[in-house]
Each structure stands twice: as structure tokens, then as C-alpha cells.
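All remarks here apply to the structure that follows.
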Amino acid sequence: MDRSTPRRPAVDRHWRGSARLAACYAVAFLAMTTLVDWNAGTLTPARGLLWLALSSTVFTVLLPPHVTADSGRLTVRGPLHSSTVHTDALVSVRQYDGASSHLVLQDTHGHRLELDPRVLTANPLLWHELDTGVRHSLDHGTLHHGADILHRLGHHIDDETAEAVLRASGLS
């Protein structure tokens, strides 16, 4: 690879499909509510705007955050906000389990980011960028809490990748 060309950031490769699915659900919701209202004879411009606003809300709720990673940065962009942490200057990593498991990363600059670990499992390039930054944080002594969490997550991702390779080759 030519060093003069800038490297493209790693992105969540499943995001477009998930965003498309969220849009389909929102359009289906709009179509169903409008048709039911029209069939009942109660559709007015105000109610049409209400259904449009509600379908926009459905889209916003279902739209997953867009995750990108590039040279020491991890960014999560949602419909309402964006968060970026410097992975090469992490201070802590915490994992919260429950109804929706998520990682919380915090860097030395005070930036905080929440991320679903399944995004990292499904996107090895994102994981590689995060892991590279974490190794840099460990080498510089900034990561004080959570290295074990990322170590376990790395093993889980490696196991998932190995299983996928075995399945694809017909060996499992």
C-alpha cells in the first residue's frame, strides 16, 4: 500500500443494512397507520403529520449508532449525538451487562463513549483499531481499569472468527 494515500477508517459493515431495515419499519408504520386512518375516514392533514412524526420517531429509535475507528480514535454517531474517544489514551473501560450489554470507554481528555460489544464482534477491523489503541494505552500506562475486560472480549472475538472460518471451510 502506498504510504502517501490516506488510510480509510474502519466502519461497521452492517450499519447500512440495519439503517435500511429501520427505514423500512418506519415507512411500513407510516403506511399502515395512514391506511387504517384513511380507511376509517378520519385521515386529516393534522393526523397525517402526526403519523409522519411518529414514524420519524420510530426511525430514530431503531436507527443503530454508526461506529467508525481510525488511527487512535473510536467514534459513535447516533441520530442525536456523537461521541469520540482517543483509544491510544484510554483511562478506563467498563462493561455493563443486563438487558443490553455495553462497553463504556473513557480517555485522558475526559471524553466518554458507550458501545455495544457485538459491533466489535461483528467487525474485526473495528476491533483491530480499538485493540491497537488499547495496546498503546497499556504501553504508556494510561489504562488503569478494564484491560481484563478487553482481553476477554478479544478472546471471544477470536473464538467467533475461528468458528466462522471453520464453518466456511466445512470443518465444523
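The values are calculated or read from the model by the stated rules, or taken from the named source; none is laboratory data. From a predicted model like this one, the values you see are computed outputs, not experimental measurements. When the accessible area is computed, the model is the full protein with side chains, heavy atoms only, and any ligands, DNA or RNA have been set aside. Shrake-Rupley method; radii C 1.70, N 1.55, O 1.52, S 1.80 Å.
Computed over protein heavy atoms with a 1.4 Å probe, the carbon and sulfur contribution to the accessible area of the chain reaches 59%.
Quick one: compute the contact order of the chain, relative version, from alpha carbon pairs under 8 angstrom and 6+ residues apart, as a percent. That works out to 19 percent. Computed per residue of the chain from DSSP H runs no shorter than four, each worth -39500 (n - 2.57), the mean residue ellipticity at 222 nm is -17500 deg cm²/dmol.
The mean accessible area for residues of the chain, using a 1.4 Å probe and ignoring ligands and nucleic acids, is 65 Å² per residue.
When the alpha carbon gyration tensor of the chain is reduced to an equivalent ellipsoid, the three semi-axes, largest first, read 39, 20, 16 Å.
When each full DSSP H helix of the chain is screened for a Cα extent of at least 30 Å along its own axis and an average Kyte-Doolittle hydropathy of at least 0.0, the helices passing are 15-40.
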